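For reference, the structure discussed in these notes is given below.
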Amino acid sequence: MSTSLMPFMVRDFQTARHGGPPEDADEQAVGRLTGLLAGTLSLSAALTAYAWGCASNHIGRKPVIVIGNAVSLISILWFGLAGSYGSALAARAFGGFFNGILGAWKCMIGESTSVLQQGKLFGYMSLAWGLGCIAGPALGGMFSRPCREGGRMTSLPGCGPGGLFRGRPFLLACLVGSVTILAALLLSVALLEETLPQHLRDSGLQARWRRWMRRRRACCDGDLSADEAMELGECRAAADGSADAMEAKVAAATKGSEAQALLPQGPPASNEDCGGSATCGSDTATDCSPSPSSAQLLAPDDDGEPLLEGGAGSTDTAGSGQAGDSSADAAGAAAKGASGTGGEDRPAAPPQPWWREQQVLLALLAFSSNVLVFGMLEALFPIYATASRAQGGLGMMEEQIAPPLMFFGLVLMPYGLYGYPWLQRRLGTLRLARWGLLTAAAVCLLIPAVASLRAASAAAASVLLYFTTSIHAISLCNTAVGAMIAMNTAPSAEQLGAVNGVGQTLAALLRGVGPALGGVLWAASLGLHAPGQQFLTFALVACGALASWEVFRWLRLPNLK
């Protein structure tokens, strides 16, 4: 929704700065500033995308998504309250820098489904994207500038002289849009399930915090030996910083150990057999029973891991034969558990680094070029549609730009759910992606033709606009889904995490570069002052689509065709 509002917001900022009516604003400056504003979110997200992906391995996928939804809520409200271009730019940068939803979402899909179901799940992604394309522009056009003359909301509170909605004409639209983000935040907190693998949960931040707290409580209750208390050093913090209290606890633990040593313990054993926590008596049998405190710490915690690693294990005290058998069985079981295969299999050779795999690099390049092409196309259309007809645009207002964008979503939803999976089974993933890029190049040449045709027939121009919009939606689905599946298929299982992190960083960077570059190219084309100048920028985007098609042509994956 915010993307469709940006050209109008930038025009208002330019008008307030230089004076005059909005139609007299410098279109070259509007194009440059709108492209930069659209790309700021992704540029800032590129700085932290890899870090958020690594953080999700330690704190979980769900917390990253919850944090991202909260940041998105704050960002859109800040954007609506922005009274200057710098404030709007800062709101977009904040929303990208602290947001790692997309990377965590991809990880959740990979961890909860098989590869064969990815096409269907990406169809659901197309459904959600289509709903956003329908609702966003509609709500933005309906609720932006509620206090303008002749509007239907002039009696709204805040539309009076000096009212909030009169001074911040895009705040109401952002408030309405924030309701959906708030709903997503609440649903993710209440219903979203964690998909982080168990071995990552056991070594994650939450598990380590729980183990640290248990050790701290055990130390402060006097259950640790003197050496253990000195090593952990937790009693000082628990005793309000008192060194004397800590020394008292250490002394008490030491006295307990000495008293335990004076009690009759049965047959003796050597220190080498008993370890640090055993007590030794005569030389006829072995008793290596740990002290009660050590037994408590060596017992598995809630995560299935001992609180203290190492130490002596319990053995039978009935005789040396039983003790020896028990020790041998325990040693054999430990060795088998350590090897995982009974010592028969040799460790596998480390996988080759992903940057040395040609197909992995091609998959990353194909994914990145696809993001750049469609990012530029997505940012260029609102600028082109709202530009004046004298400058090669369509001269649309807020309520007029919404229907084509809504139609884009209406086409994307059914095609993503039903059309793409059907064609994927018959034609193949990579072949569909290549055809999608060829049709995208055609779309780039048809969109500016709408302005030229409008002078001859407004009805024919509308038909061409909606036809081009439908082809745009189909080509986007074909190439985007194909590129994501290729990036998940090319690397090995050991390389998948790193490759997805790099891909997400490149995608965020290019989503920022694409709109900014599109705005700069549009502003440069206006400097030609020649008929058909709107074709220049879109023709360059078409060349980018053909270059991406060439990359896909060299992509060869055994599981895809």
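Here are the numbers:
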| item | result |
| --- | --- |
| Pairs with Cβ under 7 Å, 6+ apart, first in the stretch 83-100 and surrounded by 20 or more Cβ atoms within 10 Å (Cβ to Cβ), second among the aromatic types (Phe, Trp, Tyr) | Ala88/Phe79; Ala91/Trp78; Ala91/Phe79; Arg92/Phe79; Gly100/Trp52 |
| Some residue of the stretch 73-82 being among the hydroxyl-bearing types (Ser, Thr, Tyr), at pLDDT 80 or above and surrounded by 18 or more Cβ atoms within 10 Å (Cβ to Cβ) | yes |
| Residues (under 14 Å from Phe98 (Cβ atoms) and modelled with pLDDT under 85) located in the stretch 4-42 | Ser42 |
| Subset of the stretch 382-402 [part of a helix (DSSP H, G or I) and surrounded by 18 or more Cβ atoms within 10 Å (Cβ to Cβ)] | Pro382, Ile383, Tyr384, Ala385, Thr386, Gln391, Glu398, Ile401, Ala402 |
| Residue match in the stretch 36-49 (condition: in contact (Cβ under 8 Å) with a residue 12 or more places away in the chain, surrounded by fewer than 20 Cβ atoms within 10 Å (Cβ to Cβ) and within 23 Å of Gln400 (Cβ to Cβ)) | no |
| Test: residue in the stretch 369-379 that is more than 30 Å from His529 (Cα to Cα), assigned by TED's automatic domain parsing to the domain that holds Thr34 and aromatic (Phe, Trp, Tyr) | no |
| Selected residue [of a type outside the set (Val, Ile, Thr), within 24 Å of Arg166 (Cα to Cα), touching a residue at least 60 places away in the same chain (Cβ under 8 Å) and surrounded by 17 or more Cβ atoms within 10 Å (Cβ to Cβ)] from Gly130, Gly136 | Gly136 |
| Candidates Leu536, Leu546, filtered to the one that is assigned to a helix (DSSP H, G or I), without any contact (Cβ under 8 Å) to a residue 40 or more places away in the chain and surrounded by fewer than 20 Cβ atoms within 10 Å (Cβ to Cβ) | Leu536 |
| Among (1) under 16 Å from Ser4 (Cβ atoms); (2) out of contact with any Ser or Thr (no Cβ under 6 Å at 6 or more places or on another chain) - the single one Tyr466 does not satisfy | (1) |
| Elements of type helices (runs of 4 or more DSSP H) in the stretch 119-206, at least 3 residues being in the same structural domain as Ser75 (by TED's automatic domain parsing), at pLDDT 85 or above and among the hydrophobic types (A, V, I, L, M, F, W, C) | 171-190 |
| Enumeration of residues in the stretch 420-440 that are under 27 Å from the mean Cα position of the chain (by Cα) and of a type outside the set (Val, Ile, Thr) | Tyr420, Pro421, Gln424, Leu430, Leu432, Ala433, Arg434, Gly436, Leu437, Ala440 |
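The values are calculated or read from the model by the stated rules, or taken from the named source; none is laboratory data. Note that this is a predicted model, so its numbers are computed, not measured. As a convention, Cβ positions derive from the backbone with ideal geometry for all residues, glycine included, and neighbour counts pool all protein chains shown.
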